[in-house]
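Notes follow the structure.
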Amino acid sequence: MNLATDKVVPLVMALSVALLALTACNGNGNAVATAPAPRKQVLSMPAQVGQLAFFDKNLSSGKNMSCASCHDPQYAYGPPNSISVQLGSDLKQTGARAVPSLRYKESTPAFSEDAPNPDGVTSNSPGGGFMADGRAATLATQAGMPLLNPLEMNNSSKEAVVKAVQNGAYAGLFKQTFGANVFDNTDAAFDALGTAIQALETEDLSFHPYSSKYDLYVFNKIGGVLTPAERRGEVLFHSTGVTNCSGCHYTGANFNGNSGLMTDFTYQALGAPRNDRSIPNNPDPIPANDDPAYFDMGLCGPFRTDYMPAPGKAHPYCGMFKVPVLRNAATRGAFFHNGVLHSLEQVVNFYNTRDTNPEYWYPSHGDGTGKPQANPVWALQPTAVPGATIDKYNDLPPVQQGNVDEEVPMGTGEGGEKTLASGTKPRAPGSTPVMTPQQIADLVCFLGTLSDGYQPSSAPSASGRCVK
Ligand code: HEC
Ligand code: HEC
């Protein structure tokens, strides 16, 4: 018998009674449920401006797109669809990266190439900053970027943005907040808009609700909240020898004391497959990838320009992207910086078999020997020809491919010539993957507990496969 679950029941009953009490009658005698008053939150004046701006479609060239179009509050401030990269305000061009969730960003430290690791053990390395390559120093400067990006909100100038605010419904509040003459100076007004959006993202509890099942489990120490499958997944997530997930998706306290964000804010190269037409039946290849000379190399550019490699020379940062917050990952439909993967099951299988079965993930060339064999359903490449040459790490120029991480969970302790920094060895093609299908399923169940808005009253919500 589970004592913790027993304690939850009276609470659920009490809540139902409270809800009944709130049920009023309308004139027709039908019961009208009045929602319990949400936790009231008083936003500062800049944050109130930021809230109006965040949802303001007039801030895009086509007056058809706000920040919330891509960062939808109903989807944890992530995209409302599973498309790899979203269409911009011109309704023609798409971006080149997947839209991240904006939740839990306020804890991101400033970018540094010599950032300390929150685990207090790992040596300093590039870390922090906003965007997948850390090129935005603050949330305020970040906000200016989509506004002026031709592939996103597509405004021609800061002046166009400021004009839209000045002619908009909250111009008065803007002046009250930032000074009666704020519109006299375009740069100052544009910066004030960024300050306002940053205030919203920092203050508004809906950007960091900490309302997942995992929170209930970790902070309230309610032992019975996680199902056996979720609990096994949690243990696996922390296992250094098998998955090492928490080695990068760090769950301890960050520098500002917040914990359980599932990132150490460092940069790592995982060798994500190129999201292009080499993937059969790819629903949404990234248009920029049609150019074989184009590579999105994260810290090495093209969007940030301070670590660009010299022509033909390797740079140790090429291919590195920021370790993302994994909270609410289960509500997403596109994963990794280029949105190339479309389910959590696929992501975990990628970690597990990138090195043992690269033919599942990367295209190949050459004739091979024998007839094509079917790959598992979650693989990006539906078939593989034995003996063909696999274009591994095909989203990085060959000279940069040495940066790709081969440690656990990709690497294990066996075989091969090479020894990694950890003393282990990479896993050879054809060897056995480190995780079993059951372990993968358990990990996916655990990741599901990281979604905000968990309602104990609607439990048991864990779908069938996550119960036992
Ligand atoms: C057309 C879709 C789109 C719109 C509209 C959009 N964004 Fe984004 N946003 C993105 C993409 C794509 C990224 C990732 C870019 C990268 O990593 O280079 C991103 C990244 C971010 C980040 C960085 C998150 C992190 O992980 O560091 C923040 C913050 C953000 N957006 C806020 C905003 C705000 C504020 C607005 C409105 C002013 C906005 N976005 C409008 C697509 C969009
Ligand atoms: C070496 C560091 C490292 C390890 C170990 C690691 N990850 Fe990641 N993870 C990353 C980085 C970096 C990304 C982003 C990659 C990109 O954008 O190309 C990522 C992305 C993800 C994503 C996609 C999130 C999103 O919003 O797109 C998921 C899910 C994920 N990891 C889960 C896991 C799990 C589960 C494990 C353990 C089996 C794990 N990771 C181990 C560094 C790591």
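Take the conditions (1) in a loop (DSSP other than H, G, I, E, B); (2) touching a Leu at 6+ places or on another chain (Cβ under 9 Å); (3) modelled with pLDDT under 95; residue 409 misses just one of them, which is (2). If you go through region 41-53 and keep only what is outside any loop (DSSP other than H, G, I, E, B) and among the small types (Gly, Ala, Ser), you end up with 47, 50, 53.
Confirm whether residue 275 is among the polar types (S, T, N, Q), closer than 26 Å to residue 339 by Cβ and not in a helix (DSSP H, G or I). Write out each step before concluding.
Values: among the polar types (S, T, N, Q): yes; closer than 26 Å to residue 339 by Cβ: yes; not in a helix (DSSP H, G or I): yes.
So residue 275 passes the test.
Please specify each residue of region 54-91 satisfying the condition of being among the hydrophobic types (A, V, I, L, M, F, W, C), crowded, with 20+ Cβ neighbours inside 10 Å and part of a loop (DSSP other than H, G, I, E, B). Of everything in region 54-91, those that are among the hydrophobic types (A, V, I, L, M, F, W, C), crowded, with 20+ Cβ neighbours inside 10 Å and part of a loop (DSSP other than H, G, I, E, B) turn out to be 65, 76, 85. For region 393-406, the set of residues classified as surrounded by fewer than 20 Cβ atoms within 10 Å (Cβ to Cβ) and either over 24 Å from the mean Cα position of the chain (by Cα) or assigned to a helix (DSSP H, G or I) (or both) consists of 397, 398, 399, 401, 402, listed by residue number. Counting just the residues of region 294-337 that are in contact with a helix residue (DSSP H, G or I) (Cβ under 8 Å, 6 or more places away or on another chain) and β-branched (Val, Ile, Thr), which one comes out surrounded by the most Cβ atoms within 10 Å (Cβ to Cβ)? Out of the qualifying residues, it is 325.
Applying the selection to region 312-360, what residues are more than 14 Å from ligand 1 (Cβ to nearest atom) and aromatic (Phe, Trp, Tyr)? Correct list: 317, 350, 351, 360. Against the definition (within 16 Å of ligand 2 (Cβ to nearest atom), in contact with a strand residue (DSSP E or B) (Cβ under 7 Å, 6 or more places away or on another chain) and hydroxyl-bearing (Ser, Thr, Tyr)), how does residue 101 come out, yes or no? It is true that residue 101 is within 16 Å of ligand 2 (Cβ to nearest atom), in contact with a strand residue (DSSP E or B) (Cβ under 7 Å, 6 or more places away or on another chain) and hydroxyl-bearing (Ser, Thr, Tyr). Pairing residues of region 315-335 that are farther than 11 Å from residue 100 by Cα with residues that are part of a helix (DSSP H, G or I) and within 14 Å of ligand 1 (Cβ to nearest atom), at Cβ distances under 6 Å and at least 6 apart in sequence or on separate chains, gives 331/75. If you check 111, 178 for being under 20 Å from the mean Cα position of the chain (by Cα) and either within 25 Å of residue 269 (Cα to Cα) or buried (at least 20 other Cβ atoms within 10 Å of the Cβ) (or both), only one passes: 111.
Being without any contact (Cβ under 8 Å) to a residue 60 or more places away in the chain and within 8 Å of ligand 1 (Cβ to nearest atom) is the filter here; which residues of region 119-138 pass it? Steps first, please.
As a first pass, look at region 119-138 and keep what is without any contact (Cβ under 8 Å) to a residue 60 or more places away in the chain: 120-121, 123-124, 130, 136-137.
Across region 119-138, the qualifying residues are 130, 136.
Confirm whether residue 371 is surrounded by fewer than 20 Cβ atoms within 10 Å (Cβ to Cβ), more than 25 Å from the chain's Cα centre (by Cα), touching a residue at least 40 places away in the same chain (Cβ under 8 Å) and away from ligand 1 (no atom under 16 Å from the Cβ).
Values: surrounded by fewer than 20 Cβ atoms within 10 Å (Cβ to Cβ): yes; more than 25 Å from the chain's Cα centre (by Cα): yes; touching a residue at least 40 places away in the same chain (Cβ under 8 Å): no; away from ligand 1 (no atom under 16 Å from the Cβ): yes.
No; evaluated as a whole, the condition is false for this residue.
In region 288-313, the residues that are in contact (Cβ under 8 Å) with a residue 12 or more places away in the chain and of a type in the set (Lys, Arg) reach residues that are part of a loop (DSSP other than H, G, I, E, B) and within 12 Å of ligand 1 (Cβ to nearest atom) with C-beta atoms within less than 6 angstrom, at least six apart or across chains, in these pairs: 304/133; 304/135.
In region 189-211, the residues that are more than 17 Å from residue 130 (Cα to Cα) form Cβ pairs under 7 Å with partners that are within 16 Å of ligand 2 (Cβ to nearest atom), at six or more places apart or across chains, as follows: 209/452; 211/452. When the residues of region 217-227 are filtered to those that are in a helix (DSSP H, G or I) and over 26 Å from the mean Cα position of the chain (by Cα), which remaining residue is modelled with the highest pLDDT? Once the filter is applied, the top-ranked residue is 224. Residue count for region 76-93 satisfying the condition of being among the hydroxyl-bearing types (Ser, Thr, Tyr) and either within 7 Å of ligand 1 (Cβ to nearest atom) or touching a helix residue (DSSP H, G or I) at 6+ places or on another chain (Cβ under 6 Å) (or both): 0.
The values are calculated or read from the model by the stated rules, or taken from the named source; none is laboratory data. All figures in this text were calculated on a predicted structure; none of them were measured in a lab. Cβ sites come from the backbone with ideal geometry, for glycine too, and all protein chains shown count toward neighbours.
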